[in-house]
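Structure first, commentary second.
The values are calculated or read from the model by the stated rules, or taken from the named source; none is laboratory data. These figures come from a predicted structure and were not determined experimentally. Cβ placement follows ideal geometry from the backbone for every residue including glycine, while neighbour counts extend to all protein chains displayed. Remember, those area values only see protein heavy atoms, side chains included, never the ligands or the DNA or RNA. Shrake-Rupley method; radii C 1.70, N 1.55, O 1.52, S 1.80 Å.
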Amino acid sequence: MSDYNRRPTRRHDAPAPNGRRGHQSHPSQGAPRNHAAPQGYSAHQSRPNANQRPASPQRRYAASDARRETAPHRTRHAQVGYVEHPRENPYAKADVGRVEMGYLNVQGHAAHGRPRPRRNPTRAFLAVVGIAVVVALIAVFAFTHRPVQVEINGTRRSFTIDTPIQDIIKAQGLTPKTGNLMSVSGNVLEQGGGTPYTLKVNGQELDRDAASKFRIAGDEYLEVSDGKDVREDADVTYEEIAPKLEMKGSYGAIGYISQWPQTGKVEQLKGKISGETATGDTVQEVKNCVVTLHNVEPSGDNKVVALTFDDGPGQDTQQFLDVLARYNVKATFFNTGDNEQRYPDLARACVEAGHAVMSHSYDHPDLAAATEKDVYDELHSTFEIIKNTTGQATTSIRPPYGSFKQMQWLYTKGEMSCSVLWNMDSLDWKLPGVDAIVNNACNGITNGAIILMHDGGGDRSQGVEAVPKIIERLQGEGYRFVTIPELMATDPSIPSDIATGAATMPEGCTWPTEISTD
(Lines give C-alpha, C1' and ligand atoms only; values in the text may rest on other atoms or scores of the structure.)
Protein backbone atom coordinates (compact mmCIF):
# COMPACT_ATOMS: atom_id res chain seq x y z
CA MET A 1 0.00 0.00 0.00
CA SER A 2 1.32 3.46 -0.85
CA ASP A 3 1.94 6.14 1.69
CA TYR A 4 -1.02 8.00 0.26
CA ASN A 5 -3.36 5.22 1.23
CA ARG A 6 -1.79 4.48 4.61
CA ARG A 7 -1.86 7.94 6.15
CA PRO A 8 -3.87 7.60 9.38
CA THR A 9 -6.46 10.10 10.44
CA ARG A 10 -8.49 10.40 13.51
CA ARG A 11 -12.27 10.08 13.47
CA HIS A 12 -14.23 12.84 15.07
CA ASP A 13 -15.40 10.59 17.90
CA ALA A 14 -11.95 9.00 18.70
CA PRO A 15 -9.94 10.03 21.79
CA ALA A 16 -7.04 12.41 21.25
CA PRO A 17 -3.55 10.82 20.95
CA ASN A 18 -2.17 12.89 23.80
CA GLY A 19 -3.99 10.80 26.36
CA ARG A 20 -6.94 13.12 26.88
CA ARG A 21 -10.46 11.65 27.15
CA GLY A 22 -9.27 8.42 28.78
CA HIS A 23 -6.64 7.43 26.15
CA GLN A 24 -4.85 4.15 26.98
CA SER A 25 -1.58 2.91 25.60
CA HIS A 26 -1.31 -0.29 23.67
CA PRO A 27 -1.10 -3.27 26.02
CA SER A 28 2.26 -4.29 24.58
CA GLN A 29 3.88 -1.06 25.71
CA GLY A 30 3.43 -1.75 29.42
CA ALA A 31 3.06 1.40 31.52
CA PRO A 32 1.56 4.49 29.85
CA ARG A 33 4.02 6.71 28.11
CA ASN A 34 4.27 10.43 28.80
CA HIS A 35 3.85 12.27 25.57
CA ALA A 36 4.96 15.76 25.09
CA ALA A 37 2.15 18.19 25.54
CA PRO A 38 1.13 19.98 22.38
CA GLN A 39 2.19 23.52 21.97
CA GLY A 40 0.08 25.89 24.00
CA TYR A 41 -0.64 23.39 26.79
CA SER A 42 1.08 22.84 30.09
CA ALA A 43 1.77 19.42 31.51
CA HIS A 44 -1.06 19.82 34.01
CA GLN A 45 -3.56 21.68 31.91
CA SER A 46 -6.50 20.21 30.03
CA ARG A 47 -7.28 23.55 28.40
CA PRO A 48 -4.96 26.12 26.74
CA ASN A 49 -3.82 29.19 28.68
CA ALA A 50 -5.64 32.34 27.98
CA ASN A 51 -2.39 33.95 26.64
CA GLN A 52 -1.47 30.97 24.50
CA ARG A 53 -2.69 30.30 21.04
CA PRO A 54 -3.33 26.76 19.91
CA ALA A 55 -0.88 25.27 17.55
CA SER A 56 -1.84 25.29 13.93
CA PRO A 57 -3.02 22.06 12.38
CA GLN A 58 0.22 21.69 10.47
CA ARG A 59 2.28 21.88 13.68
CA ARG A 60 0.01 19.41 15.47
CA TYR A 61 0.42 16.92 12.61
CA ALA A 62 4.21 17.32 12.72
CA ALA A 63 4.31 16.61 16.45
CA SER A 64 2.05 13.63 16.02
CA ASP A 65 4.31 12.24 13.27
CA ALA A 66 7.32 12.63 15.48
CA ARG A 67 5.74 10.69 18.30
CA ARG A 68 4.74 7.86 15.97
CA GLU A 69 8.33 7.59 14.67
CA THR A 70 9.67 7.17 18.22
CA ALA A 71 7.31 4.21 18.81
CA PRO A 72 7.78 1.93 15.80
CA HIS A 73 6.63 -1.12 17.71
CA ARG A 74 3.02 0.20 17.82
CA THR A 75 0.71 -1.03 15.09
CA ARG A 76 -1.12 1.76 13.35
CA HIS A 77 -4.18 -0.31 12.68
CA ALA A 78 -4.62 -1.13 16.35
CA GLN A 79 -4.83 2.50 17.41
CA VAL A 80 -8.32 3.35 18.59
CA GLY A 81 -10.09 5.95 16.52
CA TYR A 82 -7.85 5.74 13.41
CA VAL A 83 -8.89 4.85 9.88
CA GLU A 84 -7.09 4.69 6.56
CA HIS A 85 -7.49 8.01 4.77
CA PRO A 86 -6.04 9.48 1.60
CA ARG A 87 -3.02 11.69 2.17
CA GLU A 88 -3.50 14.03 -0.72
CA ASN A 89 -6.20 16.36 0.62
CA PRO A 90 -7.07 15.90 4.30
CA TYR A 91 -9.02 19.13 4.30
CA ALA A 92 -11.47 18.27 1.58
CA LYS A 93 -14.91 19.57 2.47
CA ALA A 94 -17.79 17.17 3.00
CA ASP A 95 -21.47 18.08 2.57
CA VAL A 96 -22.13 17.91 6.31
CA GLY A 97 -19.99 17.68 9.45
CA ARG A 98 -16.37 18.46 10.39
CA VAL A 99 -13.65 18.26 7.79
CA GLU A 100 -10.51 19.21 9.75
CA MET A 101 -7.90 16.55 10.26
CA GLY A 102 -9.75 13.98 8.14
CA TYR A 103 -12.92 13.71 10.28
CA LEU A 104 -15.83 11.88 8.76
CA ASN A 105 -19.06 13.74 8.05
CA VAL A 106 -22.29 13.01 9.90
CA GLN A 107 -23.54 10.57 7.25
CA GLY A 108 -20.49 8.36 7.78
CA HIS A 109 -18.81 9.22 4.41
CA ALA A 110 -15.17 10.11 4.05
CA ALA A 111 -14.73 13.85 4.23
CA HIS A 112 -13.00 14.00 0.85
CA GLY A 113 -15.92 12.54 -1.24
CA ARG A 114 -19.58 13.22 -2.02
CA PRO A 115 -22.19 11.03 -0.18
CA ARG A 116 -23.44 8.12 -2.25
CA PRO A 117 -27.12 8.66 -3.16
CA ARG A 118 -29.55 6.17 -1.59
CA ARG A 119 -32.52 4.56 -3.38
CA ASN A 120 -36.05 5.14 -1.96
CA PRO A 121 -38.12 1.90 -2.27
CA THR A 122 -41.30 3.51 -0.87
CA ARG A 123 -41.33 6.10 -3.62
CA ALA A 124 -40.91 3.42 -6.28
CA PHE A 125 -43.70 1.29 -4.79
CA LEU A 126 -46.08 4.25 -4.67
CA ALA A 127 -45.33 5.01 -8.28
CA VAL A 128 -46.21 1.43 -9.31
CA VAL A 129 -49.43 1.50 -7.26
CA GLY A 130 -50.41 4.83 -8.79
CA ILE A 131 -49.98 3.46 -12.30
CA ALA A 132 -52.04 0.36 -11.43
CA VAL A 133 -54.85 2.49 -10.00
CA VAL A 134 -54.98 4.64 -13.12
CA VAL A 135 -55.10 1.55 -15.34
CA ALA A 136 -57.87 0.03 -13.18
CA LEU A 137 -59.92 3.22 -13.30
CA ILE A 138 -59.62 3.35 -17.05
CA ALA A 139 -60.72 -0.30 -17.29
CA VAL A 140 -63.70 0.28 -14.96
CA PHE A 141 -64.76 3.34 -16.90
CA ALA A 142 -64.55 1.45 -20.19
CA PHE A 143 -66.54 -1.49 -18.75
CA THR A 144 -69.29 0.66 -17.24
CA HIS A 145 -69.65 2.70 -20.44
CA ARG A 146 -69.58 -0.14 -22.95
CA PRO A 147 -72.33 -0.38 -25.59
CA VAL A 148 -74.95 -3.16 -25.34
CA GLN A 149 -77.79 -4.31 -27.59
CA VAL A 150 -81.49 -4.22 -26.66
CA GLU A 151 -84.70 -4.68 -28.59
CA ILE A 152 -87.41 -2.13 -27.95
CA ASN A 153 -90.84 -2.50 -29.54
CA GLY A 154 -89.34 -4.78 -32.17
CA THR A 155 -86.36 -2.54 -33.07
CA ARG A 156 -82.85 -3.61 -32.08
CA ARG A 157 -80.50 -0.80 -31.04
CA SER A 158 -77.26 -0.19 -29.22
CA PHE A 159 -77.12 1.90 -26.06
CA THR A 160 -74.60 2.47 -23.32
CA ILE A 161 -75.04 -0.05 -20.55
CA ASP A 162 -77.10 1.15 -17.56
CA THR A 163 -79.02 3.66 -19.71
CA PRO A 164 -82.36 4.59 -18.01
CA ILE A 165 -85.55 3.55 -19.76
CA GLN A 166 -86.63 7.18 -19.96
CA ASP A 167 -83.61 7.99 -22.15
CA ILE A 168 -84.33 4.99 -24.38
CA ILE A 169 -87.97 6.02 -24.83
CA LYS A 170 -86.82 9.52 -25.78
CA ALA A 171 -84.13 8.26 -28.16
CA GLN A 172 -86.66 6.03 -29.91
CA GLY A 173 -89.12 8.87 -30.28
CA LEU A 174 -91.84 6.96 -28.45
CA THR A 175 -94.81 8.91 -27.10
CA PRO A 176 -96.82 6.64 -24.79
CA LYS A 177 -100.06 8.09 -23.49
CA THR A 178 -100.14 8.74 -19.75
CA GLY A 179 -102.92 7.10 -17.73
CA ASN A 180 -105.43 8.93 -15.55
CA LEU A 181 -106.07 9.22 -11.82
CA MET A 182 -109.36 7.46 -11.08
CA SER A 183 -111.74 7.44 -8.13
CA VAL A 184 -112.55 4.20 -6.28
CA SER A 185 -115.79 3.94 -8.24
CA GLY A 186 -114.13 4.51 -11.63
CA ASN A 187 -114.56 8.22 -12.26
CA VAL A 188 -111.69 10.30 -13.73
CA LEU A 189 -110.26 12.64 -11.12
CA GLU A 190 -107.23 13.91 -13.04
CA GLN A 191 -106.30 13.55 -16.69
CA GLY A 192 -102.72 12.30 -17.00
CA GLY A 193 -102.47 11.48 -13.30
CA GLY A 194 -101.66 7.83 -13.91
CA THR A 195 -98.47 6.04 -14.93
CA PRO A 196 -96.51 7.67 -17.83
CA TYR A 197 -95.94 4.36 -19.62
CA THR A 198 -96.19 0.60 -19.24
CA LEU A 199 -92.95 -1.38 -19.44
CA LYS A 200 -92.50 -5.09 -20.09
CA VAL A 201 -89.03 -6.61 -19.83
CA ASN A 202 -88.66 -10.01 -21.48
CA GLY A 203 -92.44 -10.36 -21.40
CA GLN A 204 -92.76 -9.55 -17.69
CA GLU A 205 -94.61 -6.34 -16.83
CA LEU A 206 -92.95 -4.18 -14.17
CA ASP A 207 -94.86 -2.21 -11.60
CA ARG A 208 -94.73 1.57 -11.59
CA ASP A 209 -91.81 1.90 -9.20
CA ALA A 210 -89.70 -0.81 -10.83
CA ALA A 211 -90.37 0.59 -14.31
CA SER A 212 -89.21 4.08 -13.33
CA LYS A 213 -85.93 2.70 -11.94
CA PHE A 214 -85.19 0.28 -14.76
CA ARG A 215 -81.80 0.49 -16.51
CA ILE A 216 -80.65 -1.79 -19.30
CA ALA A 217 -78.05 -4.50 -18.81
CA GLY A 218 -78.00 -5.78 -22.38
CA ASP A 219 -79.93 -8.27 -24.53
CA GLU A 220 -83.35 -7.38 -23.02
CA TYR A 221 -86.57 -7.40 -25.00
CA LEU A 222 -88.41 -4.23 -24.05
CA GLU A 223 -92.02 -3.35 -24.79
CA VAL A 224 -93.23 0.17 -24.03
CA SER A 225 -96.95 0.99 -24.27
CA ASP A 226 -99.42 3.52 -22.91
CA GLY A 227 -99.54 4.15 -19.19
CA LYS A 228 -102.27 2.80 -16.95
CA ASP A 229 -104.93 4.44 -14.84
CA VAL A 230 -104.18 4.72 -11.13
CA ARG A 231 -106.82 4.50 -8.41
CA GLU A 232 -106.90 7.18 -5.75
CA ASP A 233 -105.74 6.31 -2.24
CA ALA A 234 -108.54 5.00 -0.07
CA ASP A 235 -109.41 4.00 3.45
CA VAL A 236 -109.90 0.23 3.54
CA THR A 237 -112.17 -1.89 5.68
CA TYR A 238 -113.02 -5.59 5.23
CA GLU A 239 -116.34 -7.32 4.85
CA GLU A 240 -116.75 -11.03 5.51
CA ILE A 241 -118.78 -13.08 3.05
CA ALA A 242 -120.48 -16.09 4.63
CA PRO A 243 -120.41 -19.42 2.75
CA LYS A 244 -123.56 -21.19 1.65
CA LEU A 245 -124.54 -24.83 1.24
CA GLU A 246 -124.86 -26.20 -2.27
CA MET A 247 -125.60 -29.67 -3.61
CA LYS A 248 -123.76 -31.22 -6.52
CA GLY A 249 -125.17 -34.19 -8.44
CA SER A 250 -128.74 -35.45 -8.71
CA TYR A 251 -128.44 -38.90 -7.16
CA GLY A 252 -125.94 -41.25 -5.60
CA ALA A 253 -125.67 -43.84 -2.88
CA ILE A 254 -122.96 -41.74 -1.24
CA GLY A 255 -123.45 -38.11 -0.27
CA TYR A 256 -120.23 -36.50 1.05
CA ILE A 257 -118.69 -33.09 1.63
CA SER A 258 -116.42 -32.52 -1.34
CA GLN A 259 -115.53 -28.97 -0.21
CA TRP A 260 -115.51 -27.65 3.31
CA PRO A 261 -116.90 -24.11 3.79
CA GLN A 262 -114.70 -21.06 4.27
CA THR A 263 -115.58 -17.43 4.92
CA GLY A 264 -114.58 -14.93 2.25
CA LYS A 265 -113.12 -11.48 2.83
CA VAL A 266 -113.57 -8.46 0.51
CA GLU A 267 -112.20 -4.91 0.69
CA GLN A 268 -114.56 -1.99 1.19
CA LEU A 269 -113.03 1.27 -0.06
CA LYS A 270 -113.65 4.94 0.65
CA GLY A 271 -111.70 7.33 -1.59
CA LYS A 272 -109.56 9.92 0.19
CA ILE A 273 -110.00 12.44 -2.62
CA SER A 274 -113.48 11.74 -3.95
CA GLY A 275 -115.10 10.36 -0.78
CA GLU A 276 -116.76 7.71 -2.94
CA THR A 277 -117.26 4.14 -1.67
CA ALA A 278 -116.83 0.91 -3.61
CA THR A 279 -116.03 -2.78 -3.22
CA GLY A 280 -112.35 -3.47 -3.69
CA ASP A 281 -110.28 -6.59 -4.14
CA THR A 282 -111.16 -9.99 -2.75
CA VAL A 283 -108.69 -10.80 0.01
CA GLN A 284 -109.96 -14.35 0.54
CA GLU A 285 -112.30 -16.25 -1.73
CA VAL A 286 -115.46 -17.50 -0.12
CA LYS A 287 -115.89 -21.27 -0.36
CA ASN A 288 -119.33 -22.77 -0.16
CA CYS A 289 -119.95 -26.08 1.52
CA VAL A 290 -120.40 -28.51 -1.38
CA VAL A 291 -122.17 -31.83 -0.85
CA THR A 292 -121.67 -34.25 -3.72
CA LEU A 293 -124.05 -37.12 -4.45
CA HIS A 294 -122.16 -39.96 -6.04
CA ASN A 295 -122.15 -43.67 -6.79
CA VAL A 296 -118.83 -45.25 -5.96
CA GLU A 297 -116.72 -45.99 -9.04
CA PRO A 298 -113.82 -48.28 -8.08
CA SER A 299 -110.61 -47.69 -9.98
CA GLY A 300 -108.40 -50.20 -11.77
CA ASP A 301 -109.09 -53.89 -11.36
CA ASN A 302 -111.12 -53.43 -8.17
CA LYS A 303 -114.34 -55.44 -8.30
CA VAL A 304 -115.90 -54.78 -4.95
CA VAL A 305 -119.26 -54.61 -3.17
CA ALA A 306 -120.25 -53.62 0.35
CA LEU A 307 -122.58 -55.65 2.57
CA THR A 308 -124.31 -53.44 5.20
CA PHE A 309 -126.66 -54.06 8.16
CA ASP A 310 -129.08 -51.58 9.80
CA ASP A 311 -130.91 -51.19 13.14
CA GLY A 312 -128.50 -53.20 15.31
CA PRO A 313 -127.07 -54.35 17.46
CA GLY A 314 -129.87 -56.85 18.02
CA GLN A 315 -130.57 -60.39 19.08
CA ASP A 316 -129.46 -61.77 15.70
CA THR A 317 -126.26 -59.73 15.40
CA GLN A 318 -124.00 -62.48 16.74
CA GLN A 319 -125.32 -64.96 14.16
CA PHE A 320 -124.40 -62.55 11.37
CA LEU A 321 -120.94 -62.09 12.88
CA ASP A 322 -120.42 -65.87 12.92
CA VAL A 323 -121.40 -66.24 9.24
CA LEU A 324 -119.16 -63.38 8.18
CA ALA A 325 -116.26 -64.86 10.14
CA ARG A 326 -116.75 -68.23 8.46
CA TYR A 327 -116.36 -66.62 5.03
CA ASN A 328 -113.75 -64.08 6.17
CA VAL A 329 -115.94 -61.24 4.90
CA LYS A 330 -115.98 -57.72 6.31
CA ALA A 331 -119.21 -55.70 6.49
CA THR A 332 -120.49 -52.37 7.85
CA PHE A 333 -123.01 -52.07 10.73
CA PHE A 334 -125.15 -48.94 10.97
CA ASN A 335 -126.16 -48.98 14.63
CA THR A 336 -128.67 -46.84 16.48
CA GLY A 337 -127.57 -45.08 19.61
CA ASP A 338 -130.18 -46.67 21.84
CA ASN A 339 -129.26 -50.21 20.69
CA GLU A 340 -125.56 -49.49 21.20
CA GLN A 341 -126.40 -48.67 24.80
CA ARG A 342 -128.62 -51.77 25.08
CA TYR A 343 -126.09 -54.20 23.55
CA PRO A 344 -122.66 -52.66 24.09
CA ASP A 345 -120.90 -56.04 24.01
CA LEU A 346 -122.29 -56.80 20.56
CA ALA A 347 -121.30 -53.32 19.37
CA ARG A 348 -117.75 -53.95 20.53
CA ALA A 349 -117.76 -57.43 18.98
CA CYS A 350 -118.46 -55.89 15.57
CA VAL A 351 -115.39 -53.66 15.83
CA GLU A 352 -113.19 -56.40 17.28
CA ALA A 353 -114.05 -58.63 14.31
CA GLY A 354 -112.76 -55.95 11.91
CA HIS A 355 -116.08 -54.57 10.73
CA ALA A 356 -116.95 -50.88 10.40
CA VAL A 357 -119.55 -49.26 12.64
CA MET A 358 -121.45 -46.11 11.61
CA SER A 359 -124.48 -44.17 12.84
CA HIS A 360 -128.15 -44.88 12.09
CA SER A 361 -129.36 -41.99 14.31
CA TYR A 362 -130.22 -42.42 17.97
CA ASP A 363 -133.74 -43.83 17.84
CA HIS A 364 -134.60 -44.11 14.13
CA PRO A 365 -136.72 -40.98 13.45
CA ASP A 366 -137.50 -39.55 10.02
CA LEU A 367 -134.88 -36.82 10.00
CA ALA A 368 -136.46 -35.07 7.02
CA ALA A 369 -139.38 -34.17 9.29
CA ALA A 370 -137.26 -33.26 12.33
CA THR A 371 -136.34 -29.81 13.56
CA GLU A 372 -132.86 -28.36 13.26
CA LYS A 373 -132.14 -29.06 16.92
CA ASP A 374 -133.45 -32.64 16.72
CA VAL A 375 -131.35 -33.41 13.65
CA TYR A 376 -128.21 -32.10 15.29
CA ASP A 377 -128.89 -33.92 18.58
CA GLU A 378 -129.59 -37.23 16.80
CA LEU A 379 -126.27 -37.03 14.99
CA HIS A 380 -124.09 -35.66 17.76
CA SER A 381 -125.32 -37.96 20.52
CA THR A 382 -125.00 -41.16 18.45
CA PHE A 383 -121.50 -40.31 17.24
CA GLU A 384 -120.47 -39.87 20.87
CA ILE A 385 -122.11 -43.15 21.96
CA ILE A 386 -120.41 -45.17 19.22
CA LYS A 387 -117.00 -43.70 20.03
CA ASN A 388 -117.40 -44.22 23.78
CA THR A 389 -118.79 -47.78 23.39
CA THR A 390 -116.57 -49.22 20.67
CA GLY A 391 -113.60 -46.83 20.56
CA GLN A 392 -114.25 -46.34 16.82
CA ALA A 393 -114.89 -42.74 15.73
CA THR A 394 -117.27 -41.97 12.89
CA THR A 395 -118.98 -38.96 11.29
CA SER A 396 -120.92 -41.02 8.73
CA ILE A 397 -124.60 -41.87 8.95
CA ARG A 398 -127.23 -43.90 7.15
CA PRO A 399 -130.37 -41.78 7.54
CA PRO A 400 -133.40 -43.79 8.65
CA TYR A 401 -135.62 -44.55 5.63
CA GLY A 402 -132.97 -42.93 3.50
CA SER A 403 -134.65 -39.62 4.22
CA PHE A 404 -132.07 -36.85 4.23
CA LYS A 405 -132.23 -33.73 2.08
CA GLN A 406 -130.34 -30.47 1.58
CA MET A 407 -131.95 -28.75 4.54
CA GLN A 408 -130.94 -31.64 6.83
CA TRP A 409 -127.36 -31.20 5.68
CA LEU A 410 -127.60 -27.55 6.73
CA TYR A 411 -128.87 -28.63 10.16
CA THR A 412 -125.85 -30.86 10.83
CA LYS A 413 -123.61 -27.82 11.56
CA GLY A 414 -120.60 -29.70 10.25
CA GLU A 415 -121.01 -32.71 12.57
CA MET A 416 -121.49 -35.08 9.63
CA SER A 417 -119.16 -35.80 6.72
CA CYS A 418 -120.94 -38.56 4.78
CA SER A 419 -124.41 -40.00 4.18
CA VAL A 420 -124.54 -43.61 3.02
CA LEU A 421 -127.61 -45.02 1.25
CA TRP A 422 -127.68 -48.19 -0.91
CA ASN A 423 -127.86 -49.50 -4.47
CA MET A 424 -129.30 -52.97 -3.77
CA ASP A 425 -132.21 -53.36 -1.28
CA SER A 426 -132.67 -56.99 -0.14
CA LEU A 427 -136.07 -56.17 1.48
CA ASP A 428 -135.17 -58.69 4.17
CA TRP A 429 -137.24 -56.75 6.72
CA LYS A 430 -140.36 -57.89 4.82
CA LEU A 431 -139.39 -61.57 5.34
CA PRO A 432 -139.98 -62.45 1.63
CA GLY A 433 -138.05 -65.73 1.88
CA VAL A 434 -134.34 -66.58 1.63
CA ASP A 435 -134.22 -66.90 -2.15
CA ALA A 436 -136.04 -63.60 -2.64
CA ILE A 437 -133.59 -61.88 -0.33
CA VAL A 438 -130.65 -63.36 -2.28
CA ASN A 439 -132.10 -62.32 -5.63
CA ASN A 440 -132.92 -58.82 -4.42
CA ALA A 441 -129.34 -58.41 -3.23
CA CYS A 442 -127.57 -59.89 -6.26
CA ASN A 443 -129.62 -59.49 -9.44
CA GLY A 444 -128.25 -56.66 -11.57
CA ILE A 445 -125.51 -55.76 -9.12
CA THR A 446 -122.67 -53.58 -10.40
CA ASN A 447 -119.14 -52.84 -9.31
CA GLY A 448 -119.10 -50.57 -6.26
CA ALA A 449 -122.66 -51.41 -5.22
CA ILE A 450 -123.91 -51.23 -1.62
CA ILE A 451 -126.29 -53.98 -0.38
CA LEU A 452 -128.85 -53.16 2.34
CA MET A 453 -129.78 -55.74 5.01
CA HIS A 454 -130.79 -55.62 8.71
CA ASP A 455 -129.44 -57.25 11.89
CA GLY A 456 -131.89 -55.61 14.33
CA GLY A 457 -135.45 -54.28 14.61
CA GLY A 458 -137.25 -57.64 14.38
CA ASP A 459 -136.98 -61.22 13.22
CA ARG A 460 -133.87 -61.49 11.01
CA SER A 461 -133.63 -65.26 10.70
CA GLN A 462 -134.23 -65.23 6.90
CA GLY A 463 -131.44 -62.76 6.53
CA VAL A 464 -129.09 -64.98 8.52
CA GLU A 465 -129.81 -67.83 6.09
CA ALA A 466 -129.53 -65.59 3.02
CA VAL A 467 -126.12 -64.06 3.79
CA PRO A 468 -124.05 -67.22 3.03
CA LYS A 469 -125.83 -67.60 -0.32
CA ILE A 470 -125.25 -63.93 -1.18
CA ILE A 471 -121.55 -64.21 -0.34
CA GLU A 472 -121.02 -67.41 -2.32
CA ARG A 473 -122.90 -66.10 -5.35
CA LEU A 474 -121.08 -62.79 -5.59
CA GLN A 475 -117.68 -64.28 -4.81
CA GLY A 476 -118.37 -66.71 -7.64
CA GLU A 477 -118.86 -63.70 -9.92
CA GLY A 478 -115.48 -62.31 -8.88
CA TYR A 479 -116.59 -59.74 -6.31
CA ARG A 480 -114.73 -58.96 -3.12
CA PHE A 481 -116.60 -57.79 -0.01
CA VAL A 482 -115.31 -54.62 1.70
CA THR A 483 -116.42 -52.14 4.34
CA ILE A 484 -117.83 -48.72 3.39
CA PRO A 485 -114.54 -46.89 4.16
CA GLU A 486 -112.67 -49.47 2.05
CA LEU A 487 -115.21 -49.08 -0.75
CA MET A 488 -114.87 -45.27 -0.84
CA ALA A 489 -111.08 -45.59 -0.82
CA THR A 490 -111.23 -47.39 -4.18
CA ASP A 491 -112.73 -44.26 -5.79
CA PRO A 492 -110.08 -41.54 -6.34
CA SER A 493 -112.75 -38.84 -6.73
CA ILE A 494 -113.68 -39.16 -3.05
CA PRO A 495 -111.35 -37.16 -0.75
CA SER A 496 -109.15 -39.33 1.42
CA ASP A 497 -110.36 -37.81 4.70
CA ILE A 498 -113.97 -38.51 3.73
CA ALA A 499 -113.09 -42.10 2.78
CA THR A 500 -112.08 -42.82 6.39
CA GLY A 501 -115.71 -42.31 7.40
CA ALA A 502 -114.58 -40.10 10.30
CA ALA A 503 -113.66 -36.75 8.71
CA THR A 504 -114.24 -33.58 10.76
CA MET A 505 -114.55 -29.98 9.68
CA PRO A 506 -111.06 -28.37 9.49
CA GLU A 507 -110.10 -25.42 11.66
CA GLY A 508 -110.81 -22.03 10.15
CA CYS A 509 -113.99 -23.19 8.44
CA THR A 510 -117.41 -21.63 9.07
CA TRP A 511 -120.54 -23.70 8.63
CA PRO A 512 -123.13 -22.04 6.40
CA THR A 513 -126.55 -20.89 7.52
CA GLU A 514 -128.07 -20.54 4.05
CA ILE A 515 -128.65 -22.72 1.03
CA SER A 516 -127.20 -21.51 -2.24
CA THR A 517 -129.77 -20.65 -4.88
CA ASP A 518 -127.29 -20.50 -7.77
Fill in: Among the candidates 265, 228, residue that is outside any strand (DSSP E or B) and of a type in the set (Lys, Arg)
228
Fill in: Residue list for segment 261-308, restricted to those being modelled with pLDDT under 95, open to solvent by 60 Å² or more (accessible area, probe 1.4 Å) and more than 41 Å from the chain's Cα centre (by Cα)
301
Worksheet item: Any idea which residue in segment 133-157 is farthest from the chain's Cα centre (by Cα), counting only those that are part of a strand (DSSP E or B) and surrounded by 11 or more Cβ atoms within 10 Å (Cβ to Cβ)?
Response: 157
Worksheet, complete the sentence: Filtering segment 173-194 down to residues that are within 19 Å of residue 152 (Cα to Cα) and in contact (Cβ under 8 Å) with a residue 24 or more places away in the chain yields 174, 176, 177, 178
Discussion item. Where the second residue is among the β-branched types (Val, Ile, Thr) and the first is closer than 12 Å to residue 217 by Cα and lies in segment 138-156, which pairs have Cβ atoms under 7 Å and are six or more apart or on separate chains?
Written reply: 144/161; 145/160; 146/161; 147/160; 148/161; 148/216; 150/216
Worksheet item: What's the number of the condition residue 496 fails, among (1) surrounded by fewer than 19 Cβ atoms within 10 Å (Cβ to Cβ); (2) under 20 Å from residue 428 (Cα atoms); (3) free of Cβ contacts under 8 Å to residues at least 60 places away in the same chain?
Response: (2)
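Residues are listed down the side, and each one gets a yes or a no for (1) polar (S, T, N, Q); (2) on the phi < 0 side of the Ramachandran plot:
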| residue | (1), (2) |
| --- | --- |
| 409 | no, yes |
| 440 | yes, yes |
| 459 | no, yes |
| 469 | no, yes |
| 487 | no, yes |
| 508 | no, no |
Item to complete: Give the number of residues within segment 202-225 that are open to solvent by 40 Å² or more (accessible area, probe 1.4 Å) and in a loop (DSSP other than H, G, I, E, B).
Response: 6
Item to complete: Write out, first by first residue and then by second, each pair whose Cβ atoms fall under 7 Å of each other, whose residues are 6+ apart or on separate chains, and whose first residue, in segment 326-354, is buried (at least 16 other Cβ atoms within 10 Å of the Cβ) while the second is among the basic types (Lys, Arg).
Response: 334/398
Worksheet entry | Filter result for the condition that a residue is modelled with pLDDT of 95 or more and within 23 Å of residue 516 (Cβ to Cβ), over 453, 407, 424 | 407
Discussion item. Quick check on segment 237-251. Is at least one of its residues closer than 30 Å to residue 153 by Cβ and in a loop (DSSP other than H, G, I, E, B)?
Written reply: no
Item to complete: Test residue 508 against the stated conditions and say whether it is more than 21 Å from residue 392 (Cβ to Cβ) and at pLDDT below 95.
Response: yes
Worksheet entry | Of all residues in segment 268-285 being outside any strand (DSSP E or B) and of a type in the set (D, E, K, R), the one that is farthest from residue 415 (Cα to Cα) | 272
Discussion item. With the requirement that a residue be in contact with a Leu (Cβ under 7 Å, 6 or more places away or on another chain) and among the small types (Gly, Ala, Ser), what does segment 136-187 give you?
Written reply: 183
